[in-house]
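Since the structure comes first, as structure tokens, the remarks are kept for the end.
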Amino acid sequence: MEKIKSIEDFDNLRLLLKEETFKEDVPRIRLCSGTACAATGSHKVAADLEHELEASHKHVEIVKTGCQGFCQQGPVMKVEPWGYYYQKVKNSDAHEIVSATISGGFPIRKLLYRDSVADEPCEMVDTVPYYKKQMRIALKNNGVIDPRQIYHFIAVGGYSALAKALSSMTPDEVLEEVDKANLRGRGGAGFPAGQKWKHSKKAPGTLKFVIANGDEGDPGAFMDRSIMEGDPHGLLEGMLLCAYAIKATYGFVYVRHEYPLAVVNLKHAIKQAEEMGFLGNNIMGTDFSCHIEVREGAGAFVCGESTALVASIEGERGFPRPRPPRLSEPGGGVWGYPSNLNNIETYACVPPIIENGAAWFKSIGTENSPGTKVFALTGKVKNTGLVEVPMGITLREIIFDIGGGILDGKKFKAVQTGGPSGGCLPEEYLDLKVDFDSLTKVGSMMGSGGMVVMDEDTCVVDVAKFFLSFTKEESCGKCPPCRVGTYQMLEILEKITAGKGEPGDIERLEKICRLVGKGSLCGLGQSAPNPILSTLKYFREEYEEHVHDKYCRAKVCSGLGTFTIDHSECFLCGLCKQACAFNAVKESRRAYFIDQDMCTKCKACFTACPIGAVKIGKVKKQAGVGR
Amino acid sequence: MNIEAIDVNESIGLVSKVLCDHDKRKGILISTLHKIQAENGYLPEDILRALSKKISIPLAEIYSVASFYKQFHFSPRGKKIVRVCTGTACHVRGAAKVEHALKDHYHIKAGETTPDLKLTLETVGCVGCCGLAPVVTVNEEVMGTIGPKKIKHLIHVIEEEGVAHGEN
Ligand SMILES: Cc1cc2nc3c(=O)[nH]c(=O)nc-3n(C[C@H](O)[C@H](O)[C@H](O)COP(=O)(O)O)c2cc1C
Ligand code: FES
């Protein structure tokens, strides 16, 4: 690899690479090798394909790309020039791919995507409903290039935004462009990146840092990982543009230790970029210098919080610190130097903005939240994976058009956005246009972009309990409201879901929520009550059912309800009797019935019944069966 | 790992130019702990003592940092480290059942190791493969859409450790 010594050098190289890489006349297989597809065997597919191709003397390029987003259907691949999109490819399919598609140009029907068995399969990527409504800015290179090949990145236009900035824009102009584009932070709060950069730039001192927040502790989100794994150079370019704008000389990417592939790919990318002169001293022959290194976390959610992240980089316990000073102020950043912290996705959006201008970026999305957002769509939807959509799209479009609707034809109940700091939204908000402000207004938040869909079989109280047990575990313990409050909230929720709720518990819960939200030191505690508050707001009657009627309508919580056998449905198979460990299912000559005194409400008979004849009903108070 | 051979300036990287000695020594702590753990599987006390001497940070402070982060361990761990993902997506799709199945089979709790050091069972908050939920990771490998059949397979693999695992 030769070092780039000037901007002209770079332009020449780019032109050359554009012609030589991804040539039109060579068939090409873009095989997803992200973590999820690797787990479903994409390495084996690659090996067998290579083997088959060699045997048949075909010249085909195999590009092992980063995550293409449709993880559930993995391993996925695109075959060019035809553009066929194959999913759930097995290594045993390699032979057919080579013989039918590569040699003959025919699609393989069984590998094409189809919504259901009855539907016509979709041949091309653009016709797959999952991809139709998506728009890719932050993920534009994911699925196109091999993240370990810097030449691929340059061939698709990488580092040209940096070259443009270095050759024809002053740092102020770069900053101005980002500010005009109104790029808002993708890491949670949606603070405008331009303003943050201005703060950092204004801070006195010659030594500044840029930091990329790749901690991504939100259980259920993985967009940052995809970018770090699949387009590490894109992240570096964004960070370099920021460093140029605010005159920073050092940078860190803080990655969670749970993402080994991201760490490997990033380190590899940094090494390549250094060798080629995109990183280090005198970048592309100019007098701009910046060094970027990777720092690994060690498993603490709170380290995603800005001040805790700084503490962790410094080698301390990951305790948040009181602000001010903010990170961008002297005394606030790493080792006291002013630092600019942004999310991975935020940085990944910067190069396209510089390249295409602020006006282009503003034309996408909504007035106050331009651009796109990547969501990790998971839970009870048909199609799960990463989706990047323009802001302002409705939840319905995401869940039903892209996500393909609810699994097994069940009924939609709620969607949880924003992870442990966000909230649950009920059906009436399905047509809400999603952006930073609209979500906040209805009591949820964008967060990092986790989107968990729940159906009628999900109990919202149980979900709130789940998030609370997460925040309780992750609370760092520095400030009492969060340390003690999360514990107490969880205790009440456990009581309620175990059927031991008492009148007054809900009110007590609300009070603690208020106190924890107000009194906590950092964002973790401040937002910890959100899952409870939002479910209380929209699903209060379910809490009340749990407390007063001892009934969980989703039949998730055990220890609640009265168990009965519906004799009109029961066909006397006796499985419930076998399943019961407490001998509560009694047998008479013509029927089974449940002895309420023996029943421990363990749900064993309910799960055992093959036709759903065991019913769980509300506990009737007047009958005096409640315990 | 040879504690004596640690070069503080080299491990901290290029920022070493702008930091004072104490900050540098502190700054390499977490990455050094990672290295020690990668080599030994856990953080043995004698090595931590040596480290404390070498970088002049009190042992108590090293423990204070190491015990804060969930990924550091102070006792030996099993050959196979099985982490059941209990992230949101996996929770919704039945991670608890997976956890129970393993707990019942080995009679250990999450975070514990079997006496024969075959298996350490842990839970983890989202490994980032939610599309494949429920997910477990075995050492560094990810196994997705775990059902009863795959659990049996997994248990089989743990019993015959050393045999290739992770097959679908
Ligand atoms: C408890 C907690 C966890 C957080 N975790 C993350 C995270 O995993 N990734 C992230 O980018 N930001 C996270 N944040 C937000 C960061 O503090 C910070 O606001 C963000 O990285 C700023 O980048 P942005 O302006 O580009 O969004 C977290 C905040 C809190 C309070
Ligand atoms: S919730 Fe299990 S992989 Fe994300």
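The values are calculated or read from the model by the stated rules, or taken from the named source; none is laboratory data. This is a predicted model, so every value here is computed, not measured. Neighbour counts are summed over all protein chains in view; Cβ atoms, including those assigned to glycine, are modelled from backbone coordinates with ideal geometry. The area values use the complete protein model at the heavy-atom level, side chains included, leaving out ligands, DNA and RNA. Shrake-Rupley method; radii C 1.70, N 1.55, O 1.52, S 1.80 Å.
Results for (1) at pLDDT 90 or above; (2) of a type outside the set (A, V, I, L, M); (3) within 16 Å of ligand 1 (Cβ to nearest atom); (4) not in a loop (DSSP other than H, G, I, E, B), shown as yes or no for each residue.
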| site | (1), (2), (3), (4) |
| --- | --- |
| B:35 | yes, yes, no, yes |
| B:48 | yes, no, no, yes |
| B:63 | yes, yes, no, yes |
| B:83 | no, yes, no, yes |
| B:99 | no, yes, no, yes |
| B:102 | no, no, no, yes |
| B:109 | no, yes, no, no |
| B:116 | no, yes, no, no |
| B:126 | no, yes, yes, no |
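Among the residues of region A:341-385, not one is within 27 Å of residue B:132 (Cα to Cα), in a helix (DSSP H, G or I) and away from ligand 1 (no atom under 14 Å from the Cβ).
Restricting to region A:495-554, what's the tally of residues that are more than 16 Å from ligand 1 (Cβ to nearest atom) and assigned to a helix (DSSP H, G or I)?
Result for region A:495-554: 32.
Could you identify the single residue in A:374, A:463 that is within 24 Å of residue A:70 (Cα to Cα) and either away from chain B (no Cβ under 14 Å) or buried (at least 23 other Cβ atoms within 10 Å of the Cβ) (or both)?
A:374
One residue alone among A:513, A:557, A:476 is over 21 Å from residue B:96 (Cα atoms) and either under 24 Å from the mean Cα position of the chain (by Cα) or within 14 Å of another protein chain (Cβ to nearest Cβ) (or both), and that residue is A:476. Given the structure, is residue A:97 among the hydrophobic types (A, V, I, L, M, F, W, C) and closer than 25 Å to residue A:267 by Cβ? Answer is no for this residue. Checking each residue in region B:132-148 for being closer than 13 Å to residue B:87 by Cβ and either touching a Gly at 6+ places or on another chain (Cβ under 9 Å) or within 16 Å of ligand 1 (Cβ to nearest atom) (or both) picks out B:132, B:133, B:134, B:135, B:136, B:142, B:144. One residue stands out in region A:197-250 among those that are within 14 Å of chain B (Cβ to nearest Cβ) and assigned to a strand (DSSP E or B): the one that is surrounded by the fewest Cβ atoms within 10 Å (Cβ to Cβ), namely A:250. Scanning region A:291-325 for residues that are within 16 Å of ligand 2 (Cβ to nearest atom) and of a type outside the set (Phe, Trp, Tyr) turns up A:299, A:304. Taking region B:65-81 as the search range and keeping residues that are in a loop (DSSP other than H, G, I, E, B) and out of contact with any Lys or Arg (no Cβ under 9 Å at 6 or more places or on another chain), which one is nearest to residue B:112 (Cα to Cα)? Only one residue fits best here, namely B:77.
For region A:60-67, check the following and say yes or no: at least one residue is in contact (Cβ under 8 Å) with a residue 40 or more places away in the chain, within 18 Å of residue A:149 (Cβ to Cβ), assigned to a loop (DSSP other than H, G, I, E, B) and more than 14 Å from every other protein chain (Cβ to nearest Cβ). Yes, region A:60-67 has at least one match. Filtered by the rule that a residue be within 16 Å of ligand 1 (Cβ to nearest atom) and either among the charged types (D, E, K, R) or modelled with pLDDT of 95 or more (or both), region A:283-305 gives A:294, A:295, A:296, A:305.
Results for (1) more than 8 Å from chain A (Cβ to nearest Cβ); (2) open to solvent by less than 30 Å² (accessible area, probe 1.4 Å); (3) over 30 Å from residue A:412 (Cβ atoms); (4) in contact (Cβ under 8 Å) with a residue 24 or more places away in the chain, shown as yes or no for each residue.
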site: B:51; (1), (2), (3), (4): yes, yes, yes, yes
site: B:55; (1), (2), (3), (4): yes, yes, yes, yes
site: B:64; (1), (2), (3), (4): no, no, yes, no
site: B:72; (1), (2), (3), (4): no, yes, yes, yes
site: B:83; (1), (2), (3), (4): yes, no, yes, yes
site: B:90; (1), (2), (3), (4): yes, yes, no, yes
site: B:95; (1), (2), (3), (4): yes, yes, no, yes
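Against the test of being surrounded by 21 or more Cβ atoms within 10 Å (Cβ to Cβ) and within 16 Å of ligand 2 (Cβ to nearest atom), the options A:486, A:497, A:471 yield a single qualifying residue, A:471. Output yes when any residue across region B:51-70 is in contact with a strand residue (DSSP E or B) (Cβ under 9 Å, 6 or more places away or on another chain) and on the phi < 0 side of the Ramachandran plot, and no when none is. Taking every residue of region B:51-70 in turn, at least one turns out to be in contact with a strand residue (DSSP E or B) (Cβ under 9 Å, 6 or more places away or on another chain) and on the phi < 0 side of the Ramachandran plot. Considering region A:386-398, the residues that are in a helix (DSSP H, G or I) and over 15 Å from the mean Cα position of the chain (by Cα) include one that is nearest to ligand 1 (Cβ to nearest atom), namely A:395. All conditions in (1) surrounded by 24 or more Cβ atoms within 10 Å (Cβ to Cβ); (2) more than 16 Å from ligand 1 (Cβ to nearest atom); (3) assigned to a loop (DSSP other than H, G, I, E, B) hold for residue A:330, with the sole exception of (1).
Looking for whichever is more than 28 Å from residue A:33 (Cα to Cα) and assigned by TED's automatic domain parsing to the domain that holds residue A:76 here; the options are A:189, A:181, A:193, A:118. Which one fits?
Working: A:189 fails: assigned by TED's automatic domain parsing to the domain that holds residue A:76; A:181 fails: assigned by TED's automatic domain parsing to the domain that holds residue A:76; A:193 fails: assigned by TED's automatic domain parsing to the domain that holds residue A:76.
Sole residue among the options that is more than 28 Å from residue A:33 (Cα to Cα) and assigned by TED's automatic domain parsing to the domain that holds residue A:76: A:118.
Annotation note: Cβ proximity below 8 Å between a residue of region A:292-311 that is more than 9 Å from chain B (Cβ to nearest Cβ) and a residue that is within 16 Å of ligand 2 (Cβ to nearest atom) and in a helix (DSSP H, G or I) (sequence gap 6+ or interchain) occurs for A:302/A:474. When residues in region B:98-151 are screened for being β-branched (Val, Ile, Thr), in contact with a strand residue (DSSP E or B) (Cβ under 7 Å, 6 or more places away or on another chain) and away from chain A (no Cβ under 14 Å), 4 of them pass.
Among the residues in region A:207-221, are any more than 11 Å from ligand 1 (Cβ to nearest atom) and without any contact (Cβ under 8 Å) to a residue 60 or more places away in the chain?
No: region A:207-221 contains no residue that is more than 11 Å from ligand 1 (Cβ to nearest atom) and without any contact (Cβ under 8 Å) to a residue 60 or more places away in the chain.
Among the listed residues A:79, A:89, A:98, A:174, identify the single one that is within 14 Å of chain B (Cβ to nearest Cβ), away from ligand 1 (no atom under 16 Å from the Cβ) and among the β-branched types (Val, Ile, Thr).
A:89
So is residue A:319 open to solvent by 10 Å² or more (accessible area, probe 1.4 Å) and more than 9 Å from chain B (Cβ to nearest Cβ) or not? Taking the combined requirement at face value, the residue does not satisfy it.
The one condition from (1) touching a residue at least 60 places away in the same chain (Cβ under 8 Å); (2) in contact with a Leu (Cβ under 8 Å, 6 or more places away or on another chain) that residue A:479 does not meet is (1). Total residues in region A:142-171 satisfying the condition of being in contact (Cβ under 8 Å) with a residue 24 or more places away in the chain and assigned to a helix (DSSP H, G or I): the figure is 15. Tallying residues that are buried (at least 24 other Cβ atoms within 10 Å of the Cβ) and either without any contact (Cβ under 8 Å) to a residue 40 or more places away in the chain or not small (Gly, Ala, Ser) (or both) within region A:437-453 yields 5. Applying the condition of being among the hydrophobic types (A, V, I, L, M, F, W, C) and away from chain A (no Cβ under 11 Å) to region B:1-41 and asking which residue is farthest from residue B:117 (Cα to Cα) yields B:8.
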